[in-house]
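The structure appears below as C-alpha cells.
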Amino acid sequence: EAEGCCLRPFSCEQGLLSRPDGSAAFVQGDTSVLAGLYGPAEVRGSRELPDRAALEVLLRPKVGLPGVGDRSREQLLRQTCDAVLLGGLHPRTGITLVLQVLSDAGSAPQLLSCCLNAACLGLLDAGLPLCSLFCGVSCALGPQGGIILDPTSRQEQ
Amino acid sequence: GGGGWSVSALAESCVGQAVLPGDLLLLPAGEDSEQLRLGGGAAVRGRLLCGPGLRRCPAGLLVTKCGLLRHRAAGSAGGAYWVDSQQRRYVPVKGDHVIGIVTAKAGDVFRVDVGGSEQAALSYLAFEGATKRNRPNVQVGDLIYGQFLVANKDMEPEMVCIDSSGRSSGMGIIGQDGFLFKVSLGLIRKLLAPKCEIIQELSQLYPFELVLGMNGRIWVKAKTVQQTLIIVNILEACEYMTPEQRKQALAKLSGN
C-alpha cells in the first residue's frame, strides 16, 4: 500500500542542553523525547564493571512516576545501546542516559521508536565510540496483511 | 538491535566528508601496515596511522565517531587518518597538557580533578626543584597546569609538572586570581592551532594571561575583573560566532 510506506515528518536537534555531555531532542508526529547523556564519568563501586563501561538508562514519563512499561523500555534501550557502544574503551566508568518524554501521543510503539532515535542521536552528540548506528520505526499490520509504517493513532485503532 | 547497513567506501574518497559510526573505510591493497620493506633502493611503505575516531578491523578502518575525515600524508611515515569530531567530555591522553584542580592530599600524592572519569595522581616530587625536604606549596583548590605521564584506559592517570629533562617549561601551579571556565574540546583545538586569529585579535584588545588545557578548561587573567570577564565571554561565544561577527564584537569593545 503506497500510503503506508512513508514516515511522517520528523525533526531533531542536538546539543541543546548545556550541562550534559551530549543531548538530543527528537520529534515525530505528536511524540517528542529529550535525551541527555553523561559520560564516561565516575561510577559507584558496586556498579563498576572491570572490562567495560556500565550503562544506565533512565526514562521519565511526561506525568507521574515511571511504571512497569517505562522500566521495560529502559531495559530494551540499555540492551540496544550496549550492543553498539564500544564499552571496552572505557572500563570502570559509568555512562548515564536520561530520557524525558516531552509529549506523548498515547501510543507505546511510537514512544519506543522515538526514544530509540533520541538515544542514538544523543550518543552521537556526546562523541562516544560506537560500532554502528541504530534507529526505531514503528509499524503496524494492516487489515489486508500489508505493513503500514509509522501509523497514526487513528490508524492504529 | 542487530547488524546494520553501513557504507563501505575507499578511504581516500571520503577525506573531507562527514562519516558516521559504522562506516567502513577500505584501504588500497598493499598498504597494509605489516609490510615494511627495509633497505636502500626499494620503496619504503610507511605504516598507516589510525587516529582518534577510527578502529582497525580486518577489512579496513571502522569509523567509531561522527565527524569529518581528515588525512595527513607525511613523507616517510606513511599517512594518518583521523576523524575530526566534537565532544565536551575529556578522556585523558598521554602527553596532553591539562589544567587540573587539586581536590585532596593523600600522603605524598595529590589527587587532581582533570574532568575525566577518574582523578589523576600528582606526586609532590613532580615539580621543578622539588626534593623531599623542599616540598612544593600546593593546597587543596589550587589550579595545576601539567601533562599526563600515564594515561590509558586500564590505569589511573598520572600527571607531572616537569618535562623529561626535569624543567618545568611553563607547567606548575597557576597563580592567584584569574578566572577558570570550561569550553568544548573543539574550541580548544582551534585556539591551539598555530597563528590563531582569535587570540591575535584579543591580544590587541587588552593584555592578558591565558592558559589553555586540552581538557576543555581555560584560565584567563587580565588587569581588571571587568576586562577578564569580557575576554571570558568572547572566548565562550567564539564557538558559535563567525569571524565577521567576532570582528564586529571586538570593534565595538575597543571603541568603548
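No value in this document is a laboratory result; all are computed from the given coordinates. Small disclaimer: the values here were computed from a predicted structure and weren't measured. Using ideal geometry, Cβ is built from the backbone for each residue, glycine included, and neighbour counts are taken over all protein chains shown.
Reducing the range A:105-157 and the range B:80-97 to their Cα centroids gives an inter-centroid distance of 32 Å.
Measure nothing but the geometry: give the 0 to 90° angle between the long axis through the Cα atoms of A:108-126 and the longest principal axis through the Cα atoms of chain A, rounded to 10°. The angle comes out near 40 degrees.
3J(HN,Hα) along the range B:206-222: 9, x, 7, 9, 9, 10, 10, x, 5, 8, x, 9, 10, 10, 10, 9, 10 Hz, from the Karplus curve 6.51 cos²θ - 1.76 cosθ + 1.60 with θ = phi - 60°, whole Hz, x for Gly and Pro. Return the whole-Å distance between the Cα centroid of the range B:98-146 and the Cα centroid of the range A:1-56. Value for the Cα centre distance between the two parts: 36 Å.
Rounded if a/c is under 1.5, else prolate if a/b is larger than b/c, else oblate: which is the range A:65-157, with a ≥ b ≥ c the root eigenvalues of its Cα gyration tensor? Since a/c reaches 1.5 and a/b is larger than b/c, the shape of the range A:65-157 is classed as prolate.
Listed by chain and number, the lysines placed with their C-alpha closer than 17 angstrom to that of B:LYS153 are B:LYS94; residues fewer than eight positions away on the same chain are left out. Simple spin-label estimate for A:ARG44 and A:SER72 gives 2.7 nm between the two label positions (7 Å along the Cα-to-Cβ direction from each Cα).
Think of the protein assembly as shown as a dipole: +1 on every Lys or Arg Cβ, -1 on every Asp or Glu Cβ, centred on the Cα centre; then among A:GLN100, B:SER169, B:ALA104, B:SER169 lies furthest on the positive end. Database remark: amide H of B:MET214 closer than 5 angstrom to the amide H of B:HIS97, B:VAL98, B:ILE99 (H placed geometrically; neighbours at sequence offset of 5 or more, or on other chains; Pro and chain starts carry no H). Neighbour counts of other Cβ atoms within 10 Å put B:THR64, B:THR131 in the fewest-to-most order B:THR131, B:THR64. Could you list the residues of the range B:166-193 with an amide nitrogen less than 15 Å from a label point located 7 Å from the Cα of B:THR103 in the Cα-to-C-beta direction? Counting backbone N atoms under 15 Å from the label point, the list is empty. By definition, a body whose alpha carbon gyration tensor gives a ≥ b ≥ c is oblate when a/c is 1.5 or more and a/b is not larger than b/c, and chain B fits this oblate description. With each label modelled as a point 7 angstrom along the Cα→C-beta vector, the A:ALA108-B:VAL150 pair spans 5.1 nm. Taking amide H positions as modeled 1.01 Å from N, with prolines and chain starts lacking one, the residues under 5 Å from A:VAL57 and 5 or more places away or on another chain are A:LEU97.
What aspartates and glutamates does B:LYS132 reach when the alpha-carbon gap must be under 18 Å and sequence neighbours fewer than 8 apart in one chain are set aside? Partners within reach: B:ASP108. The stretch between B:TYR240 and B:ASP113, if pulled fully straight at 0.36 nm per residue, gains 43.0 nm over its current Cα-Cα span. For B:LYS65, a cut-off of 14 angstrom between C-alpha atoms picks up these aspartates and glutamates, skipping any fewer than 8 places away in its own chain: A:ASP125, B:ASP23, B:ASP84. Restriction of the trypsin sites (Lys or Arg not before Pro) in the range B:81-133 to DSSP coil positions whose beta-carbon has at most 16 other beta-carbons within 10 angstrom yields B:LYS94, B:LYS132, B:ARG133. Rounded to the nearest Hz, the phi-derived 3J(HN,Hα) couplings of the range A:68-73 under the Karplus curve 6.51 cos²θ - 1.76 cosθ + 1.60 (θ = phi - 60°) are 5, x, 5, 5, 5, 5, where x marks glycine and proline.
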